[in-house]
Amino acid sequence: MEITTAQLNSVPFKYAAAVRTGEIIAGKRIKQAVERFYTWIETADDDGYYLDHQKGLQVINFFHVFLIHTKGKMAGKPFILSPFQQFTLYNLFGWLENTSQGQIRRINNVYEKIGKKNGKTAVMAGVGLYCMSFDLEYGAEIYVGATKEDQAKLCFNQAADFINRSSALKTMGFSTYQRELKFKKYGSSFKPLGGDSKTQDGINAHLAIIDEYHSHRDDSVKENLESSMAARIQPIVYTITTAGVNIAGVCKKFEESCENILDGTAKDDHFFIMMHDLDADDDWQLIENWTKANPNMGVSVEKSFLIKEYNKAKNQPSKIPNFKTKHLNMWVDAPEIWIPSEIWKRNNVEVEDYEALFRKKAMKFGCYAATDLSTRIDLTALVYLTNPDEDGNRFVKLFAFCPSDNIDQRSKEDAVPYRYWADAGYLTATPGNVIDYEEIKKTTLHHHFKYHTVRNEFDQWNAEQLRNDLAQLGVETSFFSQSIGVISEPTKELEKLVYEGKIKHDGNPILEWALSGCVIYKDANENIKVHKGRSHAGVKRVDPIIALIMALGGAISVEETNNKSKYNDPEAEISFGV
C-alpha cells in the first residue's frame, strides 16, 4: 500500500521514524514493534490488510476533543495523547482486514508493558469510552479485569471522572452510576470486574482491559472475558501491565510468547505488542536508560520523581525490587529479603549487661509490649520496645517460648539450634509438649511493671483468655488488628528506623533468624505486610518480628482518653502515606 504525505506528517508516523533513527530512545522491543509496523505496511496488499488513516486519527482526536485531564498538573486541560500513545492507538484502530463481512478491525489483541505513572489508567479509561461510542458497536460491553475489583475500579473511576468533567460526553448520552457507566445511543456499558467480584456470568465483552496482568495468579479472569467474546465481530483484549516478581506466572509466560512474535519465531497478524522496557545488558542505575521504560517522562512522570524513588531504593535495598518492576519494567526473580542481615547487625549494642541498659531506658522513657501467640506447639513471642531516648533510639527485648518436649524435633525441622538458644537463655522451653500460657502470663506480669510498660498489644487470635487474665491483674492491654491497612504503617516505620540505626538490640539470634524469613506482601494501595513467603513456608517463624511491629504500632499510635490504641479501632481513620 502507498503511504500519503498526510500519513508521513502525522504524529504516529513521526514517532515511528524517530524510534527508527534513534532520535527517540527506546529499547529493543519497541524498535522491533516499529519495524513490524513498517513490515505490515509493505506486505499489507498481499496479506489483505489496509491502514485507514482517518480511523486511526479518529481515536486520537477523541481524546483531545472530548476528554479533559482530571488529576495533577494537567487537570482541566484537554487530553492530548503523547506520541507513543498515538502510535499504539493509531495501529489498534487504524488497521483493517478485508473479509467476507466487509472491513473489520485487524488487531484483536494488544500487550502493552509500561512503567508506573506513564498514564496507562487514563488512556485505558479513554479507550473504553471510545469503544462505547465511536466504535459503533451496539450493546458494547467494556470490562476492566483485575485480580481485585478495587483495582479494576481505578480505571472505571477514571472513566467516570472523564464523563463528569465533560459536558460534551454528557450531551452525547454518557451517564455514570455507582457500578456501571452507560452510553444510551448504542446501549453500551462499562464495568469493573475482579477475581473477587460476586458474579462473572452473563458477560458479552466487546473490549476487555486486563489490568496489571503481572499480579494475576492465573488466567481465570482473562479467559472468562476472552471466552465471552465469541459473538463479537471485532473484539479487543487489551492487556496492560508493569513487570512483576513471579517469573513462573501467567504474565511472564504470556510476555515470552509476545517476544517470540517480535523476534519473528512466531506469527500472529492480529496481535499488536508494545513493550517499554530496558534491554538485557542495560545498566538499570543509569538515568538515561530509564526513558525506555518511561516513554511519558516529563509528561505524566517526572525524572525528579524517579530519581527520588531510585535514591530510596539505594538507601533501603528492600525497595529495589519495587523500583525495578514498577518503574523500569524489569522482572525480578523473587522479592528480596525485607531487611538484610548486615543492616540489622549494625543496630547491635554490644554491652556487658544489655538487660540493665534496657531496663534503664524503659524506666526513663517508658515502653510498649506485644504478644504474638502461636499454636501451642509452635514459637510464641513477647517483645518489649522502649520509647525513643534523647538520641531517638528505641531498644528491643525479646522473650520467646516453645514446648520443651518437641524442641529437638523443631531443631531438625527448622534447621536452627532451638536447644542451644534455650541453654543460652534466648528461648524459654516450657514443660510438656504444648506451650504453657501460664509461663507467658507470669513473664508478662513480671516485666510489665519492671519495665514501666504502658500497654501490651495482642494479636486477637487465641489470646482472649490470656489478655483477660492479664487485664484483671492490672496489665493494660489492647487487641492489634493484623489487617494490612492497619499493620502497614508500623511495618514501614520499623524498616525506616532499622535503616536509620534507631532500633537497638542485643544481637538476639532468634530475632535475626526471624527477620531473615520475612518478605513483604504489598497491595494495590502500597500497603505492606510481613509474611514468610512460599519459599520459607514451614521452616521460618516470623512471629518475633510481627510482635516487634505490633509493639511499635502501639508506641506510635495516638493516645485516646481511654488509653486504647487506634490500631484496634475499626472506625479509626488512619493515614498510611501511600
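The values are calculated or read from the model by the stated rules, or taken from the named source; none is laboratory data. Remember, it's a predicted structure, so these values are computed and weren't measured experimentally. In this analysis, Cβ positions are derived from the backbone assuming ideal geometry, glycine residues included, and neighbour counts consider all displayed protein chains. Accessible surface areas use protein heavy atoms only, side chains included; no ligands, DNA or RNA. Shrake-Rupley method; radii C 1.70, N 1.55, O 1.52, S 1.80 Å.
Report the gain in length on full extension from E500 to W284: 0.36 nm times residue separation, minus Cα-Cα distance, nm rounded to one decimal.
75.2 nm
Provide M1, M274 ordered by accessible surface of protein heavy atoms (probe 1.4 Å), highest first.
Accessible-area ranking of M1, M274, largest first: M1, M274.
Compute, for H531, the solvent-accessible surface of its heavy atoms (probe 1.4 Å) with the complete set of protein chains present, and express it in square angstrom to the nearest 10.
Number for this one is 80 Å².
Enumerate by residue number the trypsin sites (Lys or Arg not before Pro) in the range 47-100 meeting two conditions: DSSP loop (anything except H, G, I, E, B), and at most 16 other Cβ atoms within 10 Å of the site's Cβ. Walk me through the numbers before you get to the answer.
Values: sites: K55, K71, K73; in loops: K71.
When the trypsin sites (Lys or Arg not before Pro) of the range 47-100 are filtered for loop state and at most 16 Cβ neighbours within 10 Å, K71 remain.
What are the chymotrypsin sites (Phe, Trp or Tyr not before Pro) within the range 428-471 that DSSP puts in a loop, where the Cβ has at most 16 other Cβ atoms within 10 Å? It would help to have the intermediate numbers written out before the result.
Working: sites: Y437, F449, Y451, F458, W461; in loops: Y451, W461.
Loop-located and lightly packed - W461.
Given a Förster distance of 60 Å, report the FRET efficiency between N462 and A6 from their Cβ-Cβ distance, rounded to the nearest 0.05.
After rounding, the FRET efficiency stands at 0.25.
What number comes out for accessible area per residue over the chain if the probe is 1.4 Å? Units Å², please.
Accessible area per residue, the chain: 44 Å².
Heavy atoms of the protein only, probe of 1.4 Å, neighbouring chains included. What is the accessible area of M330 in Å², nearest 10?
Roll a 1.4 Å probe over it and M330 shows about 50 Å².
By a straight-distance test (C-alpha under 25 Å), which lysines pair with K442 as possible cross-link partners, with residues fewer than eight away in the same chain excluded?
K360, K361, K364, K397, K450, K564
By average Cβ neighbour count within 10 Å, what is the ranking of 500-509, 466-475 from highest down?
Packing proxy ranking, top to bottom: 500-509, 466-475.
Starting from the Cα-Cα distance between H446 and D391, subtract it from 0.36 nm times their residue separation and give me the gain in nm to one decimal.
That pair, H446 and D391, stretches by 17.0 nm at full extension.
Given R₀ = 41 Å, what would the calculated FRET efficiency be for Q178 paired with I233, taking r from the Cβ atoms and rounding to 0.05? Spell out each step's value before the answer.
Values: r = 31 Å, r/R0 = 0.75.
Plugging the Cβ-Cβ distance into 1/(1 + (r/R0)^6) gives 0.85.
Of the heavy-atom accessible surface of the range 256-388 (probe 1.4 angstrom), what whole percent is carbon and sulfur? It would help to have the intermediate numbers written out before the result.
Details: 2950 of 6060 Å².
Roughly 49 percent, rounded to a whole number.
Using a 10 Å cut-off on Cβ atoms, rank the peptides 422-429, 122-129 from the highest mean neighbour count down.
122-129, 422-429
Take the cross-link list K14/K191; K31/K252; K14/K184; K267/K312; K55/K117 and give me the ones stretching past 32 Å between alpha-carbons.
Going by Cα-Cα distance, K14/K191; K14/K184; K267/K312 fall outside the 32 Å limit.
So, taking all protein chains as they sit and a 1.4 Å probe, how much accessible area belongs to M363, in Å² rounded to tens?
M363 has an accessible surface of roughly 90 Å² with all protein chains in place.
What percent does the relative contact order of the chain come to when contacts are Cα pairs within less than 8 Å and at least six residues apart?
Working: 1046 pairs, mean separation 67.0, N = 578.
Reported as a whole number, the value is 12 percent.
Can you give the helix-only mean residue ellipticity at 222 nm for the chain, where every DSSP H stretch with n ≥ 4 adds -39500 (n - 2.57) and the sum goes over all residues, rounded to the nearest 500 deg cm²/dmol?
Calculated from helices alone, the mean residue ellipticity at 222 nm is -12500 deg cm²/dmol.
Looking at the chain, send over the antiparallel percent of its DSSP beta bridges, to the nearest 5.
45
I need the peptides 480-488, 140-148 ranked by packing, meaning the mean over residues of other C-beta atoms within 10 angstrom, with the highest value on top.
140-148, 480-488
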